[in-house]
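Novice: Following this message is one structure expressed as structure tokens.
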Amino acid sequence: MEPALSAVAELLSAASRAGHTVLPPDVVLRTCSPEEIGAALADGSVVEVEWHGAPALALADVAESEELLADGLLGLAEENRLAVVVGPEPAARRRALTDALGAGVPSVVVDDAHLVGLDEVLAAVEDLPEEAVLAIALDNALPLGAVVGAVALDVAASGACPVLRAGAAAPRTALDRARVDVAAGRWPALTAADRSCVEVAVGGPDEALVRIVQLVTTSIPRAFDASGEDVVVLLAPGSVDADAVRRALDDAGAPATQATVLDGPPARAWRAVVLVLPGGAVPGPTRALVYAALCAGTEHVSVVHGSDAAALTALLGATTDRPRRTRLAELLAP
């Protein structure tokens, strides 16, 4: 049986699950006493590091991983064997890398890097074949997953290596255009002519519940021949209660359609997505989460909301993700 974590280590562990690798002492002192901090430093579970030119606290193993990764990445950068590739399409990211490297240059791509943390990238560095280039690739409009650190963003921000931008194909459908607009912080102007992405205006949660059931059981199956496990309902926090949606879907004979809270990057893609946003003054999801929901539907997304275009544009104009407290960018900075 492993010993229980100290209050300080538990706080830092919780922070690491939210992506942070360090916490300033004043944040820790809101929860833990100076004596508890001293004891955690003494037993070696927590270490003091420098962050933004001031002392900070970190879990010992996380600090070690961050430093080892920084050393490995700096070595690759010095040999011109490190790059970050950003763009919405994996195939386009690979083409951009190939074009930059030239024919015959071996590479290893850590793709979907918004879902990759310190230890995974460290393993890729340690296993990298000799002479190969390590490319950390992602769609940087997507939200970061529940991983330790923000490796791809930190590497890009450090200036230690080139950042390649992959172009994307011209949008062909309303859903394609909606993704481009939302990634840029604009609410899309949707029309009835293209049903790949539609808005469904509602007056409140009760009406939203009715329209969700209608979309899942009637509209989407009729228009796209998609039902059951091919459809998902993604509920932004503050919109509609997830249990109420599940009960309504069960009662309507659609228990195979999943209803889940949109609190991070969706785990997979579906043919059709029903995205439910809160209305009125309720705080909404970040732009990155809305974009992720649009990307989760391969053929269709219905956006159920009770806001007007101005409110939705203001929502998308907000920050994409809360910044994570990490020091990798500082460790890599020239």
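Novice: Tell me, what HN-Hα J-couplings in whole Hz come from the Karplus equation 6.51 cos²θ - 1.76 cosθ + 1.60 at θ = phi - 60° for each residue of the range 119-132, using x for Gly and Pro?
Specialist: 5, 5, 6, 4, 4, 5, 5, 5, 9, 5, x, 4, 6, 7
Novice: Could I ask something else about it? Taking the mean number of other Cβ atoms within 10 Å as a proxy for protection, how do you rank 202-211, 229-238, 147-156 from highest to lowest? Don't skip to the end; give the middle numbers.
Specialist: On the way: 202-211: 16.2, 229-238: 21.7, 147-156: 24.8.
Ranked by mean Cβ neighbours within 10 Å, highest first: 147-156, 229-238, 202-211.
Novice: Along the range 196-209, what does the Karplus equation 6.51 cos²θ - 1.76 cosθ + 1.60 (θ = phi - 60°) give for ³J(HN,Hα), rounded to whole Hz, x for Gly and Pro?
Specialist: After applying 6.51 cos²θ - 1.76 cosθ + 1.60, I find 5, 9, 10, 9, 10, 7, 9, x, x, x, 5, 5, 4, 4 Hz.
Novice: Around residue 108, which amide H atoms from residues at least 5 apart in sequence, or from another chain, sit under 5 Å from its own amide H, with H modelled in the peptide plane?
Specialist: 133, 134, 135
Novice: Quick check for me: using +1 on Lys/Arg Cβ and -1 on Asp/Glu Cβ, what's the dipole size of the chain about its Cα centre, in debye to the nearest 20? Intermediate values should be presented prior to the final figure.
Specialist: Details: 23 positive and 45 negative charges, 333 e Å.
The calculation lands at about 1600 debye.
Novice: How large is ³J(HN,Hα) for each residue in the range 324-334, as worked out from phi by the Karplus curve 6.51 cos²θ - 1.76 cosθ + 1.60 (θ = phi - 60°), to whole Hz, x for Gly and Pro?
Specialist: Each residue's phi maps through the Karplus curve to give 9, 7, 9, 10, 4, 4, 5, 5, 8, 4, x Hz.
Novice: Using the alpha-carbon atoms, what tilt in degrees (0 to 90, nearest 10) does helix 287-296 show relative to the longest principal axis of the chain?
Specialist: 60
Novice: Continuing with this model, one more query. Looking only at Cα atoms, what is the convex hull volume of the range 174-317 per residue, in Å³? List each step's numbers first, then the result.
Specialist: Numbers: hull volume 13.1 nm³, N = 144.
In the range 174-317, the Cα hull volume divided by residue count equals 91 Å³.
Novice: In terms of modelled amide H atoms, which long-range or inter-chain residues lie less than 5 Å from the amide H of residue 140?
Specialist: 87
Novice: Which FRET efficiency value, to the nearest 0.05, do you get for residue 71 and residue 33 by plugging their Cβ-Cβ distance into 1/(1 + (r/R0)^6) with R0 = 25 Å?
Specialist: On the way: r = 34 Å, r/R0 = 1.38.
For R0 = 25 Å, the calculated efficiency reads 0.15.
Novice: Now a separate question. If you take the beta carbon distance between residue 184 and residue 333 as r and set R0 to 22 Å, what does 1/(1 + (r/R0)^6) give as a FRET efficiency, to the nearest 0.05?
Specialist: Details: r = 28 Å, r/R0 = 1.29.
With a Förster radius of 22 Å, E is 0.20.
Novice: With the cut-off at 21 Å, report for the range 79-169 the share of all Cα pairs above it, as a whole percent. Write down the numbers at each step before the final one.
Specialist: Values: 982 of 4095 pairs.
Result for the distance tail: 24 percent.
Novice: Over the C-alpha atoms of the chain, what are the Rg and the largest Cα-to-Cα span, Dmax, in Å?
Specialist: Answer for the chain, Rg first and Dmax second: 22.4, 66 Å.
Novice: Testing the spin-label approximation: label points 7 Å from Cα along Cα→Cβ at residue 267 and residue 132. State their distance in nm.
Specialist: According to this spin-label approximation, the distance is 2.9 nm.
Novice: Could you pull the Rg and Dmax for the range 7-59, using just the Cα atoms, both in Å?
Specialist: 9.9, 26
Novice: Name the residue from 311, 91, 34 whose Cα lies farthest towards the positive end of the charge dipole of the chain, charges +1 on Cβ of Lys and Arg and -1 on Cβ of Asp and Glu.
Specialist: About the Cα centre, the residue reaching furthest to the positive side is 311.
Novice: While we're on this one: What is the set of long-range amide H partners of residue 200 at a cut-off below 5 Å, with H atoms built 1.01 Å from backbone N?
Specialist: 303, 304, 305
Novice: Once you put a point 7 Å from the Cα of residue 218 and another 7 Å from the Cα of residue 111, both along the Cβ direction, what distance in nm separates them?
Specialist: If labels sit at residue 218 and residue 111, their model points lie 4.0 nm apart.
Novice: Separate question: When the helices in the chain are scored as -39500 (n - 2.57) per DSSP H run of 4 or longer and the sum is shared across all residues, what 222 nm value do you end up with, to the nearest 500 deg cm²/dmol?
Specialist: For the chain, the value works out to -11000 deg cm²/dmol.
Novice: Sorted from largest down, what three extents in whole angstroms do the Cα atoms of the range 1-139 have along their principal axes?
Specialist: Its Cα atoms span 59, 37, 29 Å along the three principal axes.
Novice: With a point put 7 Å past each Cα toward its Cβ, work out how far residue 17 is from residue 48 in nm, to one decimal.
Specialist: Label at residue 17, label at residue 48, 2.9 nm between them.
Novice: Mind jotting down the three principal axis lengths of the range 65-123 based on Cα atoms? Whole angstrom, largest first.
Specialist: On the principal axes, the range 65-123 reaches 31, 26, 14 Å in Cα extent.
Novice: Here is a further query. I need to check one value: relative contact order of the range 58-137, counting alpha carbon pairs closer than 8 Å and at least 6 residues apart, in percent. Mind showing how you got there, number by number?
Specialist: Working: 76 pairs, mean separation 36.0, N = 80.
Contact order relative to length: 45 percent.
Novice: Tell me, what is the FRET efficiency for residue 298 and residue 100 to the nearest 0.05, using R0 = 35 angstrom and their Cβ-Cβ distance as r?
Specialist: Once rounded, the FRET efficiency stands at 0.75.
Novice: Further question: What percent do you get for the relative contact order of the range 1-116 when only Cα pairs under 8 Å and 6+ apart count? Write down the numbers at each step before the final one.
Specialist: Details: 75 pairs, mean separation 21.6, N = 116.
RCO, the range 1-116: 19 percent.
Laboratory data are not the source of any read-out in this text; all were calculated from the coordinates shown. Just so it is clear, the structure is predicted and the values come from calculations on it, not from any experiment. Ideal geometry is used to build each Cβ from the backbone, glycine not excepted, and the neighbour counts take in all protein chains shown.
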